[in-house]
Amino acid sequence: MLEVKNLHVEVDGKQILKGLNLTVNKGEVHAIMGPNGSGKSTLSYVMAGKPGYEATEGEILLDGENILTMEPDERAAKGLFLAFQYPLEIPGVATMTFLRTALNAQRKTRGQAELSTPEFMKLVRDAAAKLEINQDMLRRGVNVGFSGGEKKRNEILQMALLQPRLCVLDETDSGLDIDALKIVADGVNRLRGPDRAMVVITHYQRLLDHIVPDVVHVLSRGRIVKTGGKELALELEARGYAEFQDEAALAS
């Protein structure tokens, strides 16, 4: 489903990713771990098409199509969803309006009919209840006045409604207490399926106790330097990243 081939990325003239390769098949959950500055968020941003993140070489293929040639909205319509580490507040835009606009825009792009108001309301209520999102939150502006946990739950709600084929979670556990972490992880796990893939970016093993990955990658100095099973995350928790940073430095 996802193939990242020899990806080089610059930010403000500085090379961050230096020939990254990654393959994620349908139905798989891959975790990407690594120290600060290794390029984890850069990978998620360039996949989503964030301005300022320039791919100077390589490809990112989603179902065989190079999404680097597409605008961000086209990538979303193809089924890519990015959950940000720090979700933005959008004052003046009601959460329900935002959700309905996003959902119907994607349905239109995919040749589907827009949802009626009753259909949309039922869909949101059902999804929100599972994430412990109350009606007051839905009436507020997007993420305005939300706690860190509420912002993350709101993003998982968006993901549940949009039903993307590839979910990229950029440090979703950042700023969450254990109760909020469990709620968010449960929401993510309900979306796992044979036709959907996930890339979970994190520093810590604790998230992977709840979202158990099929494959774990270590990213250091702009390259994936080791790949293994879920036990690799436990190894990193115990030993840290120092040895992998040294390996990446030698390979540079």
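Looking at residue 86, is it modelled with pLDDT of 90 or more and at negative phi?
For residue 86, the condition - modelled with pLDDT of 90 or more and at negative phi - is not met.
Would you please name the residue that is farthest from the chain's Cα centre (by Cα), looking only at residues in the range 85-102 that are buried (at least 16 other Cβ atoms within 10 Å of the Cβ) and among the polar types (S, T, N, Q)?
Out of the qualifying residues, it is 95.
Where the second residue is acidic (Asp, Glu) and the first is touching a residue at least 40 places away in the same chain (Cβ under 8 Å) and lies in the range 44-66, which pairs have Cβ atoms under 7 Å and are six or more apart or on separate chains?
Pairs found: 44/170; 54/10; 56/10; 61/3.
Give me the strands (runs of 3 or more DSSP E) completely within the range 1-71, filtered to those with at least 1 residues that are over 16 Å from the mean Cα position of the chain (by Cα), ordered by residue number.
In the range 1-71, the matching strands (runs of 3 or more DSSP E) lie at 2-11, 14-24, 53-62.
Can you name the number of the only condition in (1) outside any strand (DSSP E or B); (2) surrounded by fewer than 22 Cβ atoms within 10 Å (Cβ to Cβ) that residue 227 fails?
Only one criterion in (1) outside any strand (DSSP E or B); (2) surrounded by fewer than 22 Cβ atoms within 10 Å (Cβ to Cβ) is unmet by residue 227, namely (1).
Restricting attention to the range 127-152, report how many residues are surrounded by fewer than 18 Cβ atoms within 10 Å (Cβ to Cβ) and under 17 Å from residue 181 (Cα atoms).
Within the range 127-152, residues that are surrounded by fewer than 18 Cβ atoms within 10 Å (Cβ to Cβ) and under 17 Å from residue 181 (Cα atoms) number 6.
Which one is nearest to residue 88 (Cα to Cα), of the residues in the range 166-195 that are of a type in the set (D, E, K, R) and surrounded by fewer than 19 Cβ atoms within 10 Å (Cβ to Cβ)?
Result: 177.
Please give the helices (runs of 4 or more DSSP H) falling wholly within the range 141-222 in which 2 or more residues are at pLDDT below 90 and polar (S, T, N, Q).
none
For residue 133, work out the one condition from (1) in contact with a Lys or Arg (Cβ under 9 Å, 6 or more places away or on another chain); (2) in a helix (DSSP H, G or I); (3) over 25 Å from residue 2 (Cβ atoms) it doesn't fulfil.
Unmet for residue 133, out of (1) in contact with a Lys or Arg (Cβ under 9 Å, 6 or more places away or on another chain); (2) in a helix (DSSP H, G or I); (3) over 25 Å from residue 2 (Cβ atoms): (2).
Looking at (1) within 27 Å of residue 173 (Cβ to Cβ); (2) not in a strand (DSSP E or B), which is the only condition residue 97 fails?
Unmet condition: (1).
The values are calculated or read from the model by the stated rules, or taken from the named source; none is laboratory data. It should be emphasised that the depicted structure is a prediction, and the values quoted were computed from it without experimental measurement. Cβ: placed from backbone, ideal geometry, glycine included. Neighbour counts: every protein chain shown.
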